[in-house]
Amino acid sequence: MGGKSEKMFVKLRLPRKLVDRLDRIARERGIRRSRLIASLLADWVEYYVEDRFEPFSMRLDRMGVIDKLLGEIVVVRIIRGEPYCDYCKSFTCGHARYVKKLYSRKRREILMEEADLGD
């Protein structure tokens, strides 16, 4: 177990106004600033990485998603019919968008199977 740590510290120099806004958003969502920044950066990088997510477990009301960029399993719950990410505390992050895409594919498959059974 003497390998390198999966996490790394990075020091950023950001304008105070930006840091203040990030702090406010993090407080509103109830998460740490570092987690918010990691999630924002991972979402931005998502456009350059094709294979970021992988389904881990799927239930009716929640899904575990492996985020290869963050190196974590992220839980996304279905709240009021929409995916809500417990990691980012958001309905609109990359994790939520991925789960929404998976559920819509699954729903389409079920509808197609039902149509085939009707024939």
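The values are calculated or read from the model by the stated rules, or taken from the named source; none is laboratory data. These numbers come from a predicted model, not from an experiment. Virtual Cβ from ideal backbone geometry, glycine too; neighbours counted across all protein chains shown.
Take the residues in segment 61-77 that are in contact (Cβ under 8 Å) with a residue 24 or more places away in the chain and out of contact with any Lys or Arg (no Cβ under 7 Å at 6 or more places or on another chain), then tell me which one is surrounded by the most Cβ atoms within 10 Å (Cβ to Cβ). Walk me through how you get there before you give the answer.
From segment 61-77, those in contact (Cβ under 8 Å) with a residue 24 or more places away in the chain are 63, 65, 67, 69-71; that's our starting set.
If we keep only those that are out of contact with any Lys or Arg (no Cβ under 7 Å at 6 or more places or on another chain) as well, we get 63, 65, 70-71.
On the way: M63: 21, V65: 26, L70: 19, G71: 9.
So, considering only residues that are in contact (Cβ under 8 Å) with a residue 24 or more places away in the chain and out of contact with any Lys or Arg (no Cβ under 7 Å at 6 or more places or on another chain), the one surrounded by the most Cβ atoms within 10 Å (Cβ to Cβ) is V65.
Of the residues that sit in segment 48-88 and are more than 20 Å from K7 (Cα to Cα) and touching a Gly at 6+ places or on another chain (Cβ under 6 Å), which one is modelled with the lowest pLDDT? Only one residue fits best here, namely S57. Quick one: is S34 at pLDDT 80 or above and over 14 Å from V99 (Cα atoms)? Spelling it out, S34 is indeed at pLDDT 80 or above and over 14 Å from V99 (Cα atoms).
When the residues of segment 70-95 are narrowed to those that are in contact with a strand residue (DSSP E or B) (Cβ under 9 Å, 6 or more places away or on another chain) and either part of a loop (DSSP other than H, G, I, E, B) or small (G, A, S) (or both), which ends up farthest from W44 (Cα to Cα)? So, considering only residues that are in contact with a strand residue (DSSP E or B) (Cβ under 9 Å, 6 or more places away or on another chain) and either part of a loop (DSSP other than H, G, I, E, B) or small (G, A, S) (or both), the one farthest from W44 (Cα to Cα) is D86.
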